[in-house]
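Please read the structure below before turning to the comments.
The values are calculated or read from the model by the stated rules, or taken from the named source; none is laboratory data. Everything quoted here is computed from the prediction, not taken from an experiment. Heads up, the Cβs are rebuilt from the backbone with ideal geometry, glycines too, and the neighbour counts pull from every protein chain shown. Only protein heavy atoms, including side chains, enter the accessible area calculation; ligands, DNA and RNA are left aside. Shrake-Rupley method; radii C 1.70, N 1.55, O 1.52, S 1.80 Å.
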Amino acid sequence: MPLRNINDLEKLKKINAALVSRVERSMEQQGNAFSLFQTAISLENRVRTRTEELHSTLRRLEQSNIDLSAAKENAELANLSKTRFLAAASHDVLQPLNAAHLSVSALAEVQTSDEGKKLVRQVERSLETMEDLLRTLLDISKLDAGVVQPDIGDVSLEMLFSSLRSDFLPVAEMKGLTLKFRPVNAVVRSDRTLLRRILQNILSNALRYTRSGGVLVGTRHRGDTIRIDVADTGCGIPDDQREAVFEEFHRGTIPTDAGLAGGGLGLGLAIVRRIAAALGHPVTFSSKVGHGTIFHIDVPVGIGATADTIVNTADMERPRGYGLFGTKVLLVENDIEVLQAMTSLLERWQCLVRPATSTGDALDMLGDTDWVPDIVIADQHLDGGDLGTTTIAEVRDYLSRAVPALIVTADGSEKIAKAARAAGIELMRKPLKPAQLRALLAHLLA
C-alpha cells in the first residue's frame, strides 16, 4: 500500500519503527562482521608470531641436543682414554711392585732374627697397601668407563662362603671377634669374582668397624632371589651418612670411645656400589648407631648346578699341599728384576728353574732332551711383541703335550683372561702373592 494512502498515524509510527529497527540490525551485523574480520587478522598475526617463536625454539633445542651429544661423546672418549692410561700406568707400576713382593718373600725365608722378620712384615704390609690402592683405583676407573663385562654363571654360595671364611677368620681372631657363616646349599646367578669382591669389601668394613661381638653371614630365600645378609655388631652408620658411605675416600666416623683404629682407603663401598650396579644386584643396608649394621645383597637364584659340578669345584679349591721339590720350571719373563726375583723365590722352594726372556729363548731351553719342564710360567707381554700365551702354545707344540702353564701379568684386561681360559692356561695377576702362587703350582702339579 502506498504511504500516501495511509491516514492512520499509529500505523505510520509502527512502519517507521520497523524500518529503523531493520536499519539498526543491518548496521550491527555489518559492525560484527568487521569486528570478526579484525579479530581474525589479529589471531592470524599472533599464530604466525607464535609459530616463528616455536620454530626458533625447536632450532635452538636441536642445536643443544647436537652439542650435548658431542659433549657426551667427548666425555666418553676422555673416560676411555683415562681408563687406558690408568691400565698402562698401573701395568708399569705393578711390574716393580711385583718384583718387590717376590724379593721380600724370598728375603723373609732367610731371616733368622726377630728384628729382621719384623722389618720384612712391615715392608710387606706397605707393599700390600700400595697394591690395594692401585688396583682399587683401576677397578673404579674400569667400572665408571663401563668396560667391565660380568661373566655370569651359576655360583655355589657354600664354596664362596668357604673361601671368604678362610680369608677373614684369621683377621677376626686377631681382633678377638667371631666370624660365622650359616650353612647354605644354594646356587645363584652372578659373576663369582665380582660377587666375591662385593662380599669381601663389606666383610672387611664390618670387621674394621666392630670392637666386640662379631660378624654373621647368612642367606634368605625371597622368591626368585636369594638375599645375602652380612650383619655386624659394630658402631653403626648414622642416618646422615647413608649416602656418603658409598662415596670415594669416605671413611666412617668412629666414636671416640669405640676403641677402634682408623685405616682403610675409603674405597670399599664405592667399589661395592659400582660392581652391584654392573651385576644388577641391589645392595641396601639397615643400621643403628651403637648396635651394628646389616648389609643386604639380592642375587637371582641360579639355574642349577649338578652335584658333580659342585664337588669338582670343591676339589679344585681344596689345598693340595706345597711339595715342589725338584719341580722343573720354564720361566719366561722380560723384566730382569722380576725374572731374578721370581727365580730366587722358586729356587727357595727347591724348584729347578730355567729363565728365558722371549719365545725364542724359551724354545732354546728345550734343546736339552734330558730337561723337560713340569710347568711353564710366562709373563703375557714379552720383548719383541711376543705374548706369553703364544709362547706357551709353541712350547706345548714343541713338546707334543699340554704341559701345565701359568700366565702372570699386570694387564687386567678381560681379553687376556678369555685367551688364557680358551687355551687351558691358569692366570694370576701381578703383583703375585707368593703363598697363592705356591698353592696354585702345587695344585697344577698334583
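Criterion applied to Ser156, Ser162, Ser212 was being touching a strand residue (DSSP E or B) at 6+ places or on another chain (Cβ under 7 Å) and of a type in the set (Ser, Thr, Tyr), and the one residue passing it is Ser156.
Taken over region 215-249, the criterion of being at positive phi and touching a helix residue (DSSP H, G or I) at 6+ places or on another chain (Cβ under 9 Å) is satisfied by Phe249 alone. Take the residues in region 387-426 that are assigned to a loop (DSSP other than H, G, I, E, B) and of a type in the set (Gly, Ala, Ser); name whichever of them is surrounded by the most Cβ atoms within 10 Å (Cβ to Cβ). The selected residue is Ala410. Any residue at all in region 352-372 that's surrounded by 17 or more Cβ atoms within 10 Å (Cβ to Cβ) and in contact (Cβ under 8 Å) with a residue 40 or more places away in the chain? Checked against the condition, which is being surrounded by 17 or more Cβ atoms within 10 Å (Cβ to Cβ) and in contact (Cβ under 8 Å) with a residue 40 or more places away in the chain, region 352-372 yields no hits at all. None of Ser163, Ser103, Ser156 is modelled with pLDDT of 80 or more and within 30 Å of Gln340 (Cβ to Cβ) except Ser103. The strands (runs of 3 or more DSSP E) found entirely in region 146-195 that carry 3 or more residues being within 30 Å of Arg211 (Cβ to Cβ) are 178-181.
Residues in region 268-295 that are in contact with a His (Cβ under 9 Å, 6 or more places away or on another chain) and closer than 15 Å to Gln241 by Cα: 5 in all. Pairs are defined by a Cβ separation below 9 Å, a sequence spacing of at least 6 or placement on different chains, a first member in region 316-331 that is outside any strand (DSSP E or B) and at pLDDT 50 or above, and a second member that is open to solvent by 80 Å² or more (accessible area, probe 1.4 Å) and charged (D, E, K, R); no pair meets this definition. The criterion of being touching a Leu at 6+ places or on another chain (Cβ under 9 Å) and buried (at least 20 other Cβ atoms within 10 Å of the Cβ) holds for Trp349.
Just one of Val171, Val188, Val184 is open to solvent by less than 40 Å² (accessible area, probe 1.4 Å), within 26 Å of Val245 (Cβ to Cβ) and of a type in the set (A, V, I, L, M, F, W, C); which is it? Sole residue among the options that is open to solvent by less than 40 Å² (accessible area, probe 1.4 Å), within 26 Å of Val245 (Cβ to Cβ) and of a type in the set (A, V, I, L, M, F, W, C): Val188. Would you check if there is a residue in region 87-96 being at pLDDT 75 or above and within 26 Å of Glu337 (Cβ to Cβ)? Yes: region 87-96 contains one or more residues that are at pLDDT 75 or above and within 26 Å of Glu337 (Cβ to Cβ). Quick check: is even one residue across region 400-407 hydrophobic (A, V, I, L, M, F, W, C) and either farther than 18 Å from Leu437 by Cβ or without any contact (Cβ under 8 Å) to a residue 12 or more places away in the chain (or both)? Yes, region 400-407 contains at least one residue that is hydrophobic (A, V, I, L, M, F, W, C) and either farther than 18 Å from Leu437 by Cβ or without any contact (Cβ under 8 Å) to a residue 12 or more places away in the chain (or both). Within region 427-443, if we keep just the residues that are open to solvent by 40 Å² or more (accessible area, probe 1.4 Å) and in contact with a strand residue (DSSP E or B) (Cβ under 8 Å, 6 or more places away or on another chain), the residue that is nearest to Val376 (Cα to Cα) turns out to be Leu427.
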